[in-house]
Amino acid sequence: MSEQSKITELRRQAMALPLQPGVYIMKDATGDIIYIGKAKALKNRVSQYFGSDTNHSEKVRQMVARVDRFDYIVAGSEFEALVLECSLIKQYRPKYNILLKDDKGYSYIRVSPPPYSRITEAKQKAEDGARYIGPFMSSFVVKQAVDEVNKLFLLSVCRKPLRRGRAQERPCLNHYIGQCCAPCTGRVDEKDYAERVEQAITYLTEGGTKLTTLLTQRMNDAAEALDFETAARLRDRIRAIARLNEKQKVVQSRVPRQDVIALARVQEVACFEVFRFVGGALADREHFFVDLSQGEEESRGEFLRRYYSLREDIPPRIVLDGQTEDNALLERWLTETAAAQGKKYTVKFVFPQKGEQAQLLNMCRENAAERVAQRLQTGGRDVAAMTELAQLLGLSAPPVRVESYDISHTAGTDTVAGMVVFKNGKPHRADYRRFQIKEATAGDDPACLREVLSRRLNEYEQQRDSGTGFGELPDLILLDGGQAQVAAVRPLLAQRGYAIPVFGMVKDSHHRTRAIAADGGEIAIASRRGAFTLVSTIQEEVHRYAIGYHRQKRRKVGTSLTEIPGVGEKRAAALLRHFGSVTAVRAATEEQLMTVAGMTRPAAEAILRYFAQESSKTV
């Protein structure tokens, strides 16, 4: 059976399914389960896979190509279907579902044997004479604690040997930036270093408050004994602990217990970041790279089901950066799952737009974006800004290629347009293009933009096989202007069959970005820092590019007038000021030319002869 015949047969079978909630199970030719999903109406959901693949992601296309047959289980309700889906995915772990590895094991803090002990993290205890503090459930907490105490007490973390008698050894960079006491040089004796290690252990096991109390008592004793050098060293240590405590308060929440979850995505690379708060403090953080097989709402819902299927501590509050495909259904499932774990509260989703919670969400999103950026070797802020812009505009995915257009002219004369391209949040100057307006009415910016976009699409249709430059379609179009400009371009794209999102960039009275123009109104953007900065940068760049081309063209026009005998730079400038354009100069009579300040009759006659000769050369 051919590929197309198989798809046709599967679609026929899907159309025979009932319009009831249930679970569908996709299998390959060997009978292995490759995907499990739930549906509110089995017939509608399953038939979508075997219809047009225009809106399918690449991952879905690959999955559908491997499907040989499917089974289904009818459920009494959509909630029952969700519970059954979670159970089956946990049992079979299909290849094309979002699968998260439950690698939450114990972690330890390891203190190596003296002299000159090192404090490091460890995944398990060993019989090596070292001291182990723990176990801890969170590896994040262990890494953070080890990093903090090593910097706070200036302990060594490099590979240099730590022993006496090496006074000629040069310390590493950590010493010069104030993060290590450099025991490798022999300047720190064993007793002093051991004291630092013991203070670090006290800090780890009993907290900063108790250690501060002990150090304060020792500082006062040293001062009374006139040992001012020791007192000063202890004072500095107390201040360092206080600074660290203040730094730790930066990432805190007034809500005692909650999870904050955000998604960052560029093309096929997507990452969910999870911040877990206990007692108002950041207790853990995790990240997961996933393949988004569907839209972000569906994928976000699937991630939540997979993630909390592996967790024994579901919080009462989950902060999300976007909607799921069914918030109420998931909240009910999480509440019942938490109840089965002995928790008596209702789980709620929160979607903050401002305040402390929105700041925590932005921080979480920026961390997810940084991880995506590291994988793509690009900038984390750019990824975060594109993700934020996509959410603001309601796009299904962050735009990779953004094209922006602006019109420039002087009182309707010498009209030109500029197109700039941003890829992954950065200017892609190799794809910048300039346009001379040929057909639209001078001064009619919406009509000019319509002409420019029409010509741009013509170029794409001629160069689409190249896949570069004009041969690549944008994921988003931003026009310098408001609703009039957007209304002129959107119908053109629809008529020609291109589903490209189009928005305007609205300026304030100071020519700065104020809002995004959309259908029927404007979208406020100033509160979205990353998106605001990106859009402002794009708007400034396209304006600079368009007006630069316009000025260049006007300079060339002025130069053409100076080619006429008897017309110098001053007379050419006077002509342009008086008539506004070379076209108007060309159409002027001798009497009209003589009204220009400084004009002579021989010069006026020379101008008429010049344009008459130029017209005779035009076919």
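The values are calculated or read from the model by the stated rules, or taken from the named source; none is laboratory data. Note that the structure is predicted; figures quoted are calculated from it, not measured. All Cβ positions, glycine included, derive from the backbone under ideal geometry; neighbour counts span all protein chains shown.
Residues in segment 107-135 that are more than 18 Å from VAL149 (Cβ to Cβ) and polar (S, T, N, Q): GLN124 alone.
Would you call ALA358 crowded, with 17+ Cβ neighbours inside 10 Å and either modelled with pLDDT of 85 or more or within 19 Å of GLY37 (Cα to Cα) (or both)?
Details: crowded, with 17+ Cβ neighbours inside 10 Å: no; either modelled with pLDDT of 85 or more or within 19 Å of GLY37 (Cα to Cα) (or both): yes.
So ALA358 does not fit the description; no.
I need a count of the residues in segment 278-297 that are in contact (Cβ under 8 Å) with a residue 40 or more places away in the chain and either basic (Lys, Arg) or out of contact with any helix residue (DSSP H, G or I) (no Cβ under 6 Å at 6 or more places or on another chain) (or both). Full working, then the answer.
Let us first name the residues in segment 278-297 that are in contact (Cβ under 8 Å) with a residue 40 or more places away in the chain, namely 283-296.
This time we only want the ones that are either basic (Lys, Arg) or out of contact with any helix residue (DSSP H, G or I) (no Cβ under 6 Å at 6 or more places or on another chain) (or both), so: 283, 285-286, 288-290, 294-296.
Total satisfying the criteria: 9.
Taken over segment 430-442, the criterion of being at pLDDT below 80 and loosely packed, with under 15 Cβ neighbours inside 10 Å is satisfied by THR441 alone.
In this entry, LEU473 passes the filter for residues that are closer than 25 Å to ALA518 by Cα, touching a residue at least 24 places away in the same chain (Cβ under 8 Å) and in contact with a helix residue (DSSP H, G or I) (Cβ under 8 Å, 6 or more places away or on another chain). Of all residues in segment 134-157, those that are more than 11 Å from TYR203 (Cβ to Cβ) and part of a strand (DSSP E or B) have Cβ atoms under 9 Å from Cβ atoms of residues that are at pLDDT 70 or above and among the β-branched types (Val, Ile, Thr), 6 or more apart or on another chain, in GLY134/ILE109; GLY134/VAL142; PHE136/ILE109; PHE136/VAL142. A Cβ distance below 8 Å, combined with a sequence gap of six or more or placement on separate chains, defines the contacts here; from segment 599-612, residues that are in contact (Cβ under 8 Å) with a residue 12 or more places away in the chain reach residues that are in a helix (DSSP H, G or I) and acidic (Asp, Glu) in the pairs ALA604/GLU590; GLU605/GLU590; LEU608/GLU590.
If the condition is being modelled with pLDDT of 85 or more and farther than 22 Å from LYS90 by Cβ, then segment 266-295 contributes CYS271, GLU273, PHE275, PHE277.
It is to be established whether one or more residues within segment 53-63 are among the acidic types (Asp, Glu), touching a residue at least 60 places away in the same chain (Cβ under 8 Å) and in contact with a Lys or Arg (Cβ under 7 Å, 6 or more places away or on another chain).
No, segment 53-63 contains no residue that is among the acidic types (Asp, Glu), touching a residue at least 60 places away in the same chain (Cβ under 8 Å) and in contact with a Lys or Arg (Cβ under 7 Å, 6 or more places away or on another chain).
Looking only at residues that are modelled with pLDDT of 85 or more and hydroxyl-bearing (Ser, Thr, Tyr) in segment 87-115, which one is surrounded by the most Cβ atoms within 10 Å (Cβ to Cβ)? The extreme case among them is TYR96.
Within segment 470-496, the set of residues being in contact with a strand residue (DSSP E or B) (Cβ under 8 Å, 6 or more places away or on another chain) and either within 16 Å of ALA430 (Cβ to Cβ) or of a type in the set (Val, Ile, Thr) (or both) comprises PHE470, GLU472, PRO474, ILE477, VAL486, VAL489.
Taking the listed residues ARG317, ARG305, ARG257, the one that is touching a Cys at 6+ places or on another chain (Cβ under 7 Å) and charged (D, E, K, R) is ARG305, with no other qualifying.
With respect to ASN97, is the statement that it is under 30 Å from ARG276 (Cα atoms), of a type in the set (S, T, N, Q) and not assigned by TED's automatic domain parsing to the domain that holds CYS184 true?
In short, yes.
Residues in segment 448-466: is at least one out of contact with any helix residue (DSSP H, G or I) (no Cβ under 8 Å at 6 or more places or on another chain) and at pLDDT below 90? Yes, the conditions are met somewhere in segment 448-466. Specify the residue that is surrounded by the most Cβ atoms within 10 Å (Cβ to Cβ); the eligible residues are those in segment 405-429 that are of a type outside the set (S, T, N, Q) and outside any strand (DSSP E or B). Checked segment 405-429; the qualifying residue surrounded by the most Cβ atoms within 10 Å (Cβ to Cβ) is GLY425.
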